[in-house]
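Worksheet: one structure, shown below.
The values are calculated or read from the model by the stated rules, or taken from the named source; none is laboratory data. Quick caveat, the model's predicted, so the values are computed rather than measured. Every residue, glycine among them, receives a Cβ derived from its backbone with ideal geometry; neighbour counts consider all protein chains shown. These accessible areas exclude ligands, DNA and RNA; they are computed on the full protein's heavy atoms, side chains included. Shrake-Rupley method; radii C 1.70, N 1.55, O 1.52, S 1.80 Å.
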Amino acid sequence: IPEGLPAVVTIVLALGVARMAKANTIIRKLPAVETLGAVSVVCSDKTGTLTENKMKVLKLYAEDKTLSVSQVRPREFSRLMQGFLLCNNAVIGKTELGDSTELALLSMGEQMGISRERLEERYPRLEEIPFDSDKKYMVTLHKDQSQVCAYIKGACDYLLEVCSFWWIGGKIEPLGQIQKMKIRRVMEGMAEEGLRVLALAFKEHVSDWNESSIMKNLVFAGLAGMMDAPRKQVNQSVYQLKRAGVQVVMITGDYQETAFSIAKMTGIARKREQCVTGKELDAMSDAEFASKMNDIRVFARVTPAHKVKIVKEFKKNGKIVAMTGDGVNDSPALKNADIGIAMGKNGTDVAKNAADMILADDNFVTIVEAVKQGRNIYDNLRKAIHFLIATNIGEIVTIFVGLILGMKSPLLAIQLLWINLVTDSLPAIALGLEKPEKDIMNRFPKDAKKGLFSDGLWGEIFSEGVMIGILTLLAFSLGNKLGGIVVGRTMAFVSLGILELVHSFNIKSKDSIFKVGLFENKYLIGAFVLGTLLQIGVLFIPSVANIFKLTMLNGMQWLITIAISISPIIIVEAQKKLNKEKETKEIFKESKVITNEI
């Protein structure tokens with residue numbers, strides 16, 4: 001085991017984390033970097049992650065009429081407007097504070113010239129029942145002259161169920177099933193347009209402030225349809241993840257039609273059959289859910305408990321799951337996911353503490369870059385470990401085989417230690433700084449069940465180590481014949497050091513180094529130049545050469561040494577060509593699966 005391996009792995013991970021931080025991805029737990037490279041499912045929230053989190057009210061429904069905001073006269077929809085502004089905790093001033101939905105409602109009120117301050121003076125707030133993600137509604141109690149009035153803002157489907165009356169023609173009238181069906185059609189129509197739909201209800205003459213008693217026989221006031229447009233480049237990011245063999249799933253508390261509309265816009269879902277609600281999820285058996293989950297792309301109207309269930313089921317199916325969240329209630333799902341991703345701007349401290357990774361810009365696009373960097377860091381760790389173990393096996397073969405063949409030791413201990421010092425650090429770290437390969441996001445994620453040395457890596461490492469050992473012994477044998485044991489050891493010393501430095505270029509990529517470019521990684525070039533100067537420089541300083549028991553080589557000896565030192569390029573390039581032909585068939589199979597998903 002190379003003594004420099006733990007240090008190199010830690011340095012490569014740390015440098016990768018630093019690079020990711022510059023790209024708005026803050027890694028809280030170092031092992032998460034490797035896990036990112038294996039992510040096969042991304043479960044994303046809708047609001048603020050896939051969308052811009054900038055709500056704007058576009059349509060209102062009240063008094064049995066649907067109008068665009070520009071067509072509404074404030075007096076016409078006064079009860080609806082009044083309720084939306086009073087049942088609201090957002091603040092608009094020099095800085096905006098609050099939920100994007102509530103800010104959109106306040107902004108609408110300002111555009112219509114309705115002052116919330118005046119409303120609050122007239123109807124002072126007495127009590128509040130905060131919004132709850134399970135119940136999906138918020139209640140505020142207000143003093144209205146000699147009575148107490150309650151305003152309830154929340155999910156349309158739930159509020160409509162608990163409404164027995166509606167506000168029409170400036171008075172309260174009974175709300176029958178026919179009217180409820182009509183309201184549902186309006187609601188579905190707004191949702192199909194990609195609008196997030198919010199309902200408002202109220203109750204007059206509240207005598208019992210108990211929540212269960214308030215939430216009975218409510219008066220339906222109306223609906224607000226607001227748009228939260230998808231972020232720019234989300235479509236492209238979803239496409240890139242699909243190309244990378246990563247399944248993208250939307251998990252949201254929003255209404256089904258709204259969620260599906262946004263999912264369709266962003267390319268996450270194509271058919272309505274790919275959309276499932278929390279209620280439908282509850283009705284499924286574990287076996288039924290397991291059989292359908294790979295085809296589901298949208299989970300709508302879900303609770304925090306549903307999120308945990310979805311994550312666990314994906315993991316049971318052998319998937320590596322990344323889960324986004326921002327609220328306190330999202331923390332169980334973030335902890336259960338393989339990679340919990342919290343929002344940096346709008347995320348709560350609880351969510352951030354539960355997460356492995358934080359998106360500084362709350363942007364879905366950043367997840368794609370994080371997956372790409374995660375894959376690259378894993379690839380680079382593999383390259384560094386590949387290089388270190390292969391070259392160390394080369395040193396073992398040199399000494400061990402030399403002894404078996406009855407040779408005098410091809411290298412002295414001090415010479416071997418120097419070679420390790422020169423080759424076991426800088427080249428390995430430089431390989432850890434390789435740029436992502438061109439096809440990195442066009443291949444399947446690594447199988448979590450496979451180890452670091454899977455897919456024939458042990459075979460490659462061993463064969464390359466044997467190659468380095470045999471070439472070093474060849475240099476030693478030829479040098480011994482040409483000038484004796486000291487010349488043989490000098491040729492073996494120079495050859496082994498440069499062989500290892502040259503071999504670092506072979507490990508840069510599975511493709512030919514002449515295709516990927518020899519000079520793309522300036523750190524590797526620097527490590528090679530410095531290592532070569534140190535390795536050869538020992539010979540040119542007589543006092544140092546004496547310490548290492550080395551001698552100066554003549555022209556013929558140098559030619560043989562250089563020829564042996566660069567020969568791994570030719571040998572490995574030939575091997576790469578054979579391997580590429582075998583890999584083409586596997587790549588074709590993967591590309592068919594990816595194309596079907598896209």
Scan the stretch 102-139 residue by residue and report those that are touching a Gly at 6+ places or on another chain (Cβ under 9 Å) and among the small types (Gly, Ala, Ser).
-> Ser115, Ser133
Can you tell which of Cys156, Cys87 is under 41 Å from the mean Cα position of the chain (by Cα) and modelled with pLDDT of 95 or more?
-> Cys87
Restricting attention to the stretch 418-470, report how many residues are among the small types (Gly, Ala, Ser) and assigned to a loop (DSSP other than H, G, I, E, B).
-> 6
Heads up, the strands (runs of 3 or more DSSP E) in the stretch 28-125 (entirely inside) with at least 2 residues that are open to solvent by 20 Å² or more (accessible area, probe 1.4 Å) and not hydrophobic (A, V, I, L, M, F, W, C) are 56-62, 65-68
Quickly run through the stretch 131-174 and pick out the residues that are open to solvent by less than 10 Å² (accessible area, probe 1.4 Å) and either aromatic (Phe, Trp, Tyr) or free of Cβ contacts under 8 Å to residues at least 60 places away in the same chain (or both).
-> Met138, Thr140, His142, Cys149, Tyr151, Gly154, Cys163
Residue in the stretch 520-532 that is loosely packed, with under 15 Cβ neighbours inside 10 Å, outside any helix (DSSP H, G or I) and not aromatic (Phe, Trp, Tyr) present = yes
With respect to Thr258, is the statement that it is among the β-branched types (Val, Ile, Thr), touching a residue at least 40 places away in the same chain (Cβ under 8 Å) and within 27 Å of Arg185 (Cα to Cα) true?
-> yes
Here is a list of conditions, (1) touching a Phe, Trp or Tyr at 6+ places or on another chain (Cβ under 9 Å); (2) charged (D, E, K, R); (3) modelled with pLDDT under 90, and Glu96 meets all of them except one; can you say which number that is?
-> (1)
Condition test on Glu96, is it among the charged types (D, E, K, R) and in contact (Cβ under 8 Å) with a residue 12 or more places away in the chain?
-> no
So which residues in the stretch 551-578 are open to solvent by 20 Å² or more (accessible area, probe 1.4 Å) and within 20 Å of Gly517 (Cβ to Cβ), if there are any at all?
-> Ile566, Ile569, Ile570, Glu573, Ala574, Gln575, Lys576, Lys577
Whichever residue in the stretch 187-199 is assigned to a helix (DSSP H, G or I) and of a type in the set (D, E, K, R) and, among such residues, is most open to solvent (accessible area, probe 1.4 Å) = Glu192
Exactly one of (1) under 25 Å from Glu257 (Cβ atoms); (2) open to solvent by less than 70 Å² (accessible area, probe 1.4 Å) is unmet by Met181. Its number?
-> (2)
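Do the conditions hold for Ala574, that is, is it part of a helix (DSSP H, G or I), modelled with pLDDT under 95 and within 22 Å of Thr391 (Cβ to Cβ)? Before you say what the answer is, go through the steps one by one.
On the way: part of a helix (DSSP H, G or I): yes; modelled with pLDDT under 95: yes; within 22 Å of Thr391 (Cβ to Cβ): yes.
In short, yes.
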Does Arg122 meet the test of being without any contact (Cβ under 8 Å) to a residue 40 or more places away in the chain, out of contact with any strand residue (DSSP E or B) (no Cβ under 7 Å at 6 or more places or on another chain) and either within 19 Å of Leu85 (Cα to Cα) or of a type in the set (Phe, Trp, Tyr) (or both)?
-> yes
Out of all the residues in the stretch 297-311, which are out of contact with any strand residue (DSSP E or B) (no Cβ under 8 Å at 6 or more places or on another chain), of a type in the set (A, V, I, L, M) and under 13 Å from Ala337 (Cβ atoms)?
-> Val308
Within the stretch 215-234, identify whether any single residue is within 30 Å of Gln373 (Cα to Cα) and of a type in the set (S, T, N, Q), and answer yes or no.
-> yes
State whether one or more residues within the stretch 181-189 are among the charged types (D, E, K, R), in contact (Cβ under 8 Å) with a residue 60 or more places away in the chain and under 28 Å from Asp330 (Cα atoms).
-> yes
Determine if the stretch 466-481 includes at least one residue that is farther than 17 Å from Tyr378 by Cβ, in contact (Cβ under 8 Å) with a residue 60 or more places away in the chain and out of contact with any helix residue (DSSP H, G or I) (no Cβ under 8 Å at 6 or more places or on another chain).
-> no
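Pick from the stretch 446-465 the residues that are at pLDDT 85 or above and of a type in the set (Asp, Glu): which of them is nearest to Arg375 (Cα to Cα)?
Here is the first cut: in the stretch 446-465, the ones at pLDDT 85 or above are 457-465.
Checking the rest, the ones that are also of a type in the set (Asp, Glu) come to 460, 464.
Values: Glu460: 21, Glu464: 24 Å.
Of everything passing the filter in the stretch 446-465, Glu460 is nearest to Arg375 (Cα to Cα).
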Which is touching an Asp or Glu at 6+ places or on another chain (Cβ under 9 Å) and closer than 27 Å to Ser409 by Cβ, of Leu474, Leu496, Leu534, Leu550?
-> Leu496
What is the one condition in (1) touching a residue at least 24 places away in the same chain (Cβ under 8 Å); (2) open to solvent by less than 40 Å² (accessible area, probe 1.4 Å) that Ser454 does not satisfy?
-> (1)
Can you spot a residue in the stretch 491-500 that is charged (D, E, K, R), within 32 Å of the chain's Cα centre (by Cα) and under 19 Å from Ala390 (Cβ atoms)?
-> no
So which residues in the stretch 188-209 are modelled with pLDDT under 95 and over 44 Å from the mean Cα position of the chain (by Cα)?
-> Glu204, His205, Val206, Ser207, Asp208, Trp209
